[in-house]
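Derivation of every value follows stated rules applied to the coordinates shown; laboratory data play no part. Keep in mind that what you see is a predicted model, and the values were worked out from it rather than measured. Please note: Cβ atoms are built from the backbone with ideal geometry, for glycine as well, and neighbour counts cover all protein chains shown.
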Amino acid sequence: MITIELAGAPRGKERVKRAQLGHSYTPDRTVRFEDRLSLAAQTVMAGRPLLQGPLKLDVWMHMAIPPSWPKKKQEAARTGELKPTVKPDWDNGGKLTDALNLIVWTDDAQITDGRCRKRYSDRPRTVITVSPDTGEGVFE
């Protein structure tokens, strides 16, 4: 199992933008976040071989608790009673794992089971766990 943790506010992958001359580009914020995620993954992998076979992916987006909230609401956020319904969208958080191609696995097509969750935390961060997909819980 591989766990990659990236400190700071979670981001979602932004849509590709179009310039005036029809040129497409990825927004700088997305590029910078993916670069940081790639570097964190390289550090964790530390020369290990790429993961092979079917993989299971868990993405946790720990969102900051707004300091302006009343103490009672902050506590509800800490305990998980209150969950974030703010940007980034959960699916865009999972899309950022493209940055792990050729670092953790060959291609994200290897992911056969994936989940992305958002929670509040006093320590904003993104945590990604990758493990072999053993096929447990398969339904026919």
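Its alpha carbons give the chain an Rg and a Dmax of 16.8, 52 Å. Based on the Stokes-Einstein relation at 20 °C and a viscosity of 1.002 mPa s, and on the Kirkwood radius from alpha carbon pairs, the range 1-55 is assigned a translational diffusion coefficient of 158 µm²/s.
Going from the residue with the fewest nearby Cβ atoms within 10 Å to the one with the most, 60, 69, 105 rank 69, 60, 105. Around residue 1, with a cut-off of 15 angstrom between Cβ atoms, what is the net charge of the other residues, counting Lys and Arg +1 and Asp and Glu -1? With Lys, Arg at +1 and Asp, Glu at -1, the neighbours total -2. By the beta-carbon count within 10 Å of each Cβ, the least crowded to most crowded order of 21, 100, fewest first, is 21, 100. Set the bar at 20 Å for Cα to Cα. Now go through 73/118; 87/118; 56/95; 56/83 and name every pair that lies beyond it. Over 20 Å Cα-Cα: 56/83. Using a simple spin-label model with pseudo-atoms 7 Å out from Cα toward Cβ, residue 15 and residue 90 lie 2.2 nm apart. Result for the chain in a Gaussian network model with C-alpha springs under 10 Å: among 20, 52, 42, the largest mean-square fluctuation is at 20.
For the chain, the residue among 63, 45, 90 whose Cα projects farthest onto the positive side of the dipole built from Cβ charges is 63. Of all beta bridges that DSSP places with both ends in the range 2-132, some 55 percent have antiparallel geometry. Taking 108, 98, 28 in turn, the Gaussian network model of the chain (Cα-Cα springs below 10 Å) assigns the largest fluctuation to 28. As a rough footprinting exposure proxy, the listed residues 61, 45 were ranked by other beta carbons within 10 Å of their own, and the order from fewest upward is 45, 61.
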